[in-house]
1. With the structure loaded, tell me whether G118 is out of contact with any strand residue (DSSP E or B) (no Cβ under 8 Å at 6 or more places or on another chain), crowded, with 21+ Cβ neighbours inside 10 Å and not in a helix (DSSP H, G or I) or whether it fails that test.
2. Against the conditions (1) in a helix (DSSP H, G or I); (2) touching a residue at least 60 places away in the same chain (Cβ under 8 Å); (3) more than 24 Å from P367 (Cβ to Cβ), where does G220 fall short? Just the number, please.
3. How many residues does the range 404-430 hold that are more than 21 Å from A198 (Cα to Cα) and not hydroxyl-bearing (S, T, Y)?
4. Being more than 20 Å from H212 (Cβ to Cβ) and surrounded by 16 or more Cβ atoms within 10 Å (Cβ to Cβ) is true for just one of S304, S290. Which residue is that?
5. Test each condition in (1) over 19 Å from S226 (Cβ atoms); (2) touching a helix residue (DSSP H, G or I) at 6+ places or on another chain (Cβ under 8 Å) for T347 and report the one that comes out false.
6. Condition check: within 18 Å of the chain's Cα centre (by Cα) and within 17 Å of Q229 (Cβ to Cβ). Does S274 satisfy that?
7. Name the residue that is nearest to H117 (Cα to Cα), counting only residues in the range 171-193 that are out of contact with any helix residue (DSSP H, G or I) (no Cβ under 7 Å at 6 or more places or on another chain) and in a loop (DSSP other than H, G, I, E, B).
8. Give me the residue from the range 398-430 that is more than 22 Å from the chain's Cα centre (by Cα) and assigned to a loop (DSSP other than H, G, I, E, B) and, out of that set, surrounded by the most Cβ atoms within 10 Å (Cβ to Cβ).
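The values are calculated or read from the model by the stated rules, or taken from the named source; none is laboratory data. Nothing here was measured: the structure is a model prediction, and the numbers come from that model. When we count neighbours, we look across all protein chains shown, and the Cβ atoms used for this are built from the backbone with ideal geometry, even at glycine.
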Amino acid sequence: MTGPGVNLRSLVPRDIGIPPCCPPRPGSNLPQPNHSRHPSTTGAVLTPTPPAGSHLRGRGTVQPNGAIGELEAFRERVRHFLSRSIDSGIACPAFGTIMPPAFGDRARAWQAHCFEHGFAGLHWPRQYGGQGLSRDHTNVWGEECARHDVAPYMNFQGIILAAGAILRFGTEDHKQRYLRPTLSGEILWCQLFSEPDAGSDLASLQTRAEPHSGGWRVTGQKVWTSTAQLAQQAILLARTDPDTPGSRGISFFCVDMDTPGIEVRPLVQMTGDSEFCEVFLDDVQLPPDSLIGPLHGGWKVAMSVLADERSAGRVGAINLERRLAVLAGGVPGDDPVLTDRLMRALTEGGALVQMMIRSDGDLSLGPLTKLAASDFGAVAAELGLDARGPDAMINGEATEPFLYAPGMKLGGGTSEIQRNLIGERLLGLPREPRPRFLPGPPNKGRAP
């Protein structure tokens, strides 16, 4: 037990000073991220960077000596680019997975700037606007953006999910049409997956895509769609074989969000933001080439991109180390109850950092890190609020992370679903019993 006056921040071995995990939105009364400059032996580089001896300094996938040298040279290029970009004001502060609508213009300008200077789509093929480098280069870019508190891209749903699906399963026409404009920031994407009655149990979705006039007619409703009010394009899951239950009758589509019949309604969260929307599709006509991947084979496409969504890895470890430092600095050392809670949180957080590092690149461990990160986020947010005492009743820097934290147990698959995946896929336990009949229209998938 620490005594009064002990600097709890010193108990964190890697104090690299992160702002709160949920950065304040533009226009809020909360402090904005601080991009202060600090000198280094390689020139003016932005903090935070790990101190000497940190296990995350410049560490990456094991490579031959020549490859390590190339990656470290690239890392220095990234650091100087980020330094200049923050000095000029073009860099967009990090905002996590979901881009707040208020960041839209700034994030788009940042994406275009990265594309113009060769720091977008690093491992994508050159013919689609990428740089033709390795995924290790992309990892270096992500790590340095995390250390500098800068967004690595404009739109996770576009750069990671939509583009990932198109690169793996799209036709050559899809790749030529969508990839370069996505990298340059011309196209912003949203994800039309979840439904009011099909969130984590995505295989029970009921949105229909029926053959019509050589293309498809889509009818249904989606919800929890991030940035739908800003998006030009969407990736959509819809049922193309209503007589086949579960995931086998689902297909994957690209959708122009300006298509007649699409209505977007933003949802106000308890943080006051509207990052999510509900989307209504009323006889939306899609062209035949909107299908991505095989007909009725959309589940495989979707699972490939959702695996990317659930993988935290090294970037998550860097962000978490920074958050632990702030958490330690925000709890007074003269309260034994809060000190005890803090030490538990720092211990759990440190274990999670190690888990993220070990799981880097192993998508099968995504559910484990996602579950642990969601649980830790809730614990840390509550502790941060309680540490303010009576001041917690007043809106302050700890308020928004506290209000935001419960949603992290739902997004990207609920914590209950993550536990199922861990039990079944990692521990080899028997699968959870499935209902014999799925809900649906009368006489379609119901018990007689």
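1. Against the criterion (out of contact with any strand residue (DSSP E or B) (no Cβ under 8 Å at 6 or more places or on another chain), crowded, with 21+ Cβ neighbours inside 10 Å and not in a helix (DSSP H, G or I)), G118 does not qualify.
2. For G220, the exception is condition (1).
3. The qualifying residues number 8.
4. The unique qualifying residue is S304.
5. Checking T347 against (1) over 19 Å from S226 (Cβ atoms); (2) touching a helix residue (DSSP H, G or I) at 6+ places or on another chain (Cβ under 8 Å), the one that fails is (2).
6. The answer is yes for S274.
7. That would be E186.
8. L429
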